[in-house]
1. Does E712 satisfy the criteria of being surrounded by 13 or more Cβ atoms within 10 Å (Cβ to Cβ), of a type in the set (D, E, K, R), in a strand (DSSP E or B) and touching a strand residue (DSSP E or B) at 6+ places or on another chain (Cβ under 6 Å)?
2. Kindly provide the set of residues from region 611-641 that are assigned to a loop (DSSP other than H, G, I, E, B) and buried (at least 17 other Cβ atoms within 10 Å of the Cβ), ordered by number.
3. Can you confirm whether T444 is within 21 Å of P506 (Cα to Cα), of a type in the set (S, T, N, Q), more than 24 Å from the chain's Cα centre (by Cα) and not assigned by TED's automatic domain parsing to the domain that holds S1021?
4. Go through region 87-119 and give me each residue that's surrounded by fewer than 20 Cβ atoms within 10 Å (Cβ to Cβ) and touching a helix residue (DSSP H, G or I) at 6+ places or on another chain (Cβ under 9 Å).
5. Just to be sure, is A315 in the same structural domain as K499 (by TED's automatic domain parsing), more than 20 Å from F262 (Cβ to Cβ) and either outside any helix (DSSP H, G or I) or within 22 Å of the chain's Cα centre (by Cα) (or both)?
6. Considering L587, L537, L532, which residue is assigned by TED's automatic domain parsing to the domain that holds N432 and either under 30 Å from F469 (Cβ atoms) or under 23 Å from the mean Cα position of the chain (by Cα) (or both)?
7. Yes or no: region 576-584 includes at least one residue that is modelled with pLDDT of 95 or more, buried (at least 17 other Cβ atoms within 10 Å of the Cβ), in a helix (DSSP H, G or I) and in the same structural domain as H510 (by TED's automatic domain parsing).
8. Are there any pairs, at least 6 apart or on different chains, whose C-beta atoms fall under 7 Å, with the first in region 742-759 and part of a helix (DSSP H, G or I) and the second charged (D, E, K, R) and modelled with pLDDT of 95 or more, and if so, which?
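The values are calculated or read from the model by the stated rules, or taken from the named source; none is laboratory data. Quick caveat, the model's predicted, so the values are computed rather than measured. FYI the Cβ positions are ideal-geometry reconstructions off the backbone, even for glycines, and counts take in every protein chain you see.
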Amino acid sequence: MTLQATTLLLLLMTHILTAQTQPIDLSGTWNLQLDPSDQMIKTEPSKWKWNDTMTLPGTTDLAKKGPHITKSIPYNYHLNREYAYTGPAYYSRTITIPEDWKNMSTQLILERVMWQSRVWIDGKEISPPQDSLNTAHKHVLGKLTPGQHQITVRIDNRMVHPIGDKGHAYGDQTQSIWNGIVGKIELRAVPDNHIDFVRVFPSNNGQLKVEVTGSGQGPLQLKAICINNGSGRAFEADIDASGHFSTTLESRINQPQTWSEFNPKTYQVQVDLLQGGTVIDSSITRFGFREVSRQGNQLLINGKPAFMRGNLECAVFPLTGHPPVTVEGWKKVWQVYKDHNLNHARFHSWCPPKAAFVAADELGIYLQVEAPIWIDHWMTKPNKRKEMDTLGHPKGLGHNDRSIDSFALAEIRRTIDTYGNHPSFIFFAIGNELGTSNFDVTGTWMRDAKKHDPRHLYAASTARTITPFCDFNATHNIPHIGWVRQKVNFGTNWDYEEKYSKASVPIISHEIGQWPVYVDWKKELPKYTGPLKPYRLMKMAEEAKKNGLYDRSEELKMASGASNRILYRDEIESFLRTPSCRGFQLLGMQDFSGQGEALIGWLDSFYDSKGTTDLKSFRHYCAPTVPLLKLPGYVYKASEKPSIDALIHHYGEQKIDKAAAIWKLTTNDGKLIDQGKIDPFSAPTGSVTPIGSFTPNMTSVTVATQATLSIEIALHSLSNSYDLWIYPEVKATAQPSSVLVTSDWEGEAKPALAEGKKVILIANQFGGPKASKQAHWFPLYWSVPFFPGQNRETIGLRISSDHPAFADFPTPSHGDWNWHRICRGAKGFDLTGVTPNTYRPIAEPVTDFHHNRRLGSIFETNVDKGKLLVCGYNISKNQAKKLPEVKQLRQSLIHYTSGKQFSPQIMMATEALDKLFHDPTIKLQKLPAKFTNADLYINAAGKVGTHGQTAKWSKGRDQILRQSEGVDYKVEADGVWRDKDGSAWHGKNVKVIITPRSGVPGKVLVRFHDWNKNGRTGNISFEGKTHHLGPHTEGGWVEFPFIREDTNDGQLILKAEAATGPNLMITDIVLIPEE
């Protein structure tokens, strides 16, 4: 720093010290009285007694106050508070007001409180209750006489406004419903003439508007100076105050540096309030020259296109139970983001303390903050599932309920005014998935917020809808356009551009990922040394010990973590390839401790790496600029000549000009298969640019090979690579007579084993739901307890890759893309209690940690006099003709079992295998191809025999063509009808209530038919969304998609109301899951 800069800074600090008295820090020991029965408020303060003490800042949890969970440990679906106190708590201590404060008003600042605070001075309640969850509580105590006073603060962490308890500002799912005060606790002296707050409105052309709000009387002067590397230019204004005032000062800064992720340059503006030439109050505000805007659906920061590489922050802080309140604490968090090339964080239904903004300003992180609200349809009524039942069953926003609307509006304004100067504050949304809101109303709230503070982009909800006043949206389902995530294809030659390009505002992909990883019990459980305890995880660990998985948790973590890594990358790159996509928000990089222990990160809840995702590799495909390849697939025959397109996703600072790229195809041990160059190309910033195409020659591959296809742009130190599998053409060889390959257990395998033969049993069609599990390549989603209806229990595949069974089938030790198509329709068999705990299958679907079952999809055993290898994958000759990887796996298994190395180490009785392979499931009748996977298919009134006569509806009158376990339906209608042309449910109003599998998205298809041409039309409502049904004399299917969250209340509700004609008629209804 120059001498001139140092002198100016000292001068400014002198102004502040002269103009303002120093705050009094109230950190320390306070008297404490818990009041669980809420009786103290009914008694005189002079009679209040104190039976305990506690250190503040802090929480009752950290101080171990309140009920201690000892014998009766709750089995909640989240971390549990070890000391769980909910209710009023009174904190009291003596304060001393200095002599020089006697003519000034005193303010009490409580930086973060959950939820309501009230204050008494010397037994008299002084200030109105404060209830912000997003901002500090400021109590105006008035002019206190110098000397000692008794201050008492009542903190009540019970629900104050009906917002429910599923959001992350208030709820036990993540940070917990703590009681206490965290962050700053201080008294401030405020003169009669003072500054309340300053808002800075910078323009990148150097224009600076400083809005100063305060109170005073008489002639006053405002003087401001902007600090930039020691040089500042003062600007001032005279005001004649008579109470509250608001004045704007204007100036211009020469050639300011703009703030962004690439150059997080901040400035400070010093505002002095003077009277008679004397500084009587002063304020320093940090800001940045940063403009955020949009052009159509393009997102712009400082006039340049921007792409958000983001992650969710859901208030998961198990060591404290509350978010960090220091800049250093948040710098540690944001540094993890920077290490991962992330530039964006979304605070799901909450807003962090000021320290998070300060740290983000310094490190260049773009923030989305929200009001503390998450209210969706499934939360509005009682739910039989305890973990889904929402406190108070809130009804939503914009419905003239002042108890919640007034709070939401106040919180919106408080949040914007408190943190609005921070350049890192880019986006604001009212809350998460506010499906029950009246968006006609809440949309205007965002219109008014934008008018009040145009420095940010606004949305009426994260996901669910886009109002005419929304500037952006983070969603997985663009309204009236469609679903835009989790399209996992076998290859990368696709994108979402058709849908994103139709969006009216910038769209950021919402909550991508959510793939669980098995828990490393030994490493993770000892970390929970704070107030939140993993009681359910501890029980699961005991179950893992019982079933022989506890000591193997490291390898199960690595195998499931590999699936997690592969799928996160696949989703990230899908959005990088999509030119009109404006970013993604991961859920999440770190674990989510609530909602059924959704441990879906490659970092744990403490931001520590699990070792499953290599940071260096991650930074290659998650960066401002990423070279990408559009692959037709991941598995090839050596004779194939795939055409591969190369792209550059470029959101760097400067355009790329005349850069060349090279590509290489190498074996895993580095031997070159083929290589080539891509002609020099240019790419503007903010673009996804095709840069060339090439066709690798793979004919030199003579043995099954795992290979790496890489692309490198050396001039800019950019590279990316993809794993491929290449199989040469192999002449069909006769199957060894010593090995029987069969899918017939009873008729062929058992007799052969009794004769002492070797058998490969293709068992993908065997086993009922208890003895076998679907061995999906795609893992289950989020968590089993939160979405229990998923037809899968596995989260990856562990493979003994060095086992001789895979000598001719090169594979990593996890289920990579080479297993993707092999796993279709595969089975894993539950070996828990059937084989010794020490037994490790050759291929093992990784059980979810909520189940802790030992599964095997390829395993070997001695049976009777013979040797058996069970293969839960379809490796039939027909399948081998279709897929080269199946052909290669089949050949490798046959080669292994025909040799001397095939020597199983365990013996299983045929009776045990009979139980594993028996399938008691009723065989379902065939359905039309497009309905093959239906969970429910009903032909309305299909069993009614009488023609031309209405009858009351009952299930017995319907033809149920398909009904999966746990799926049901009910109909409310005028009746059922059948004639020579068809059958239907009919009525002026028809209501169909479907009970779906919880947590499984999909679509409901409904067929309406006005076959007797009576001019029927109607209005159809599905899950609260209304559609118009036009003429339909030829009959027609109407499709209603639904998301996972729509199933959380256990119902999907369709309502059909006739608009014209005598009634509406529904002939068929189908529910198709999309897993």
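1. Working: surrounded by 13 or more Cβ atoms within 10 Å (Cβ to Cβ): yes; of a type in the set (D, E, K, R): yes; in a strand (DSSP E or B): yes; touching a strand residue (DSSP E or B) at 6+ places or on another chain (Cβ under 6 Å): yes.
Criteria met by E712.
2. Keep residues of region 611-641 that are assigned to a loop (DSSP other than H, G, I, E, B), which gives 611-614, 622-624, 631-634, 638-641.
If the condition is that a residue be assigned to a loop (DSSP other than H, G, I, E, B) and buried (at least 17 other Cβ atoms within 10 Å of the Cβ), then T612, T613, C622, A623, P624, L631, G633, Y634, A638 are the ones that fit.
3. Numbers: within 21 Å of P506 (Cα to Cα): yes; of a type in the set (S, T, N, Q): yes; more than 24 Å from the chain's Cα centre (by Cα): yes; not assigned by TED's automatic domain parsing to the domain that holds S1021: yes.
Spelling it out, T444 is indeed within 21 Å of P506 (Cα to Cα), of a type in the set (S, T, N, Q), more than 24 Å from the chain's Cα centre (by Cα) and not assigned by TED's automatic domain parsing to the domain that holds S1021.
4. E111
5. On the way: in the same structural domain as K499 (by TED's automatic domain parsing): no; more than 20 Å from F262 (Cβ to Cβ): yes; either outside any helix (DSSP H, G or I) or within 22 Å of the chain's Cα centre (by Cα) (or both): yes.
No, not satisfied.
6. Working: L537 fails: assigned by TED's automatic domain parsing to the domain that holds N432; L532 fails: assigned by TED's automatic domain parsing to the domain that holds N432.
Going through L587, L537, L532 in turn, the sole match is L587.
7. Going through region 576-584, the residues modelled with pLDDT of 95 or more turn out to be 576-584.
Next, from what is left, pick out any that are buried (at least 17 other Cβ atoms within 10 Å of the Cβ): 576-578, 580-584.
Filter once more, keeping what is in a helix (DSSP H, G or I): 576.
When the remaining residues are screened for being in the same structural domain as H510 (by TED's automatic domain parsing), the result is 576.
Scanning region 576-584 turns up at least one residue that is modelled with pLDDT of 95 or more, buried (at least 17 other Cβ atoms within 10 Å of the Cβ), in a helix (DSSP H, G or I) and in the same structural domain as H510 (by TED's automatic domain parsing).
8. Note: pairs meeting the criteria are L753/D864; L753/K865; A754/D864; A754/K865.
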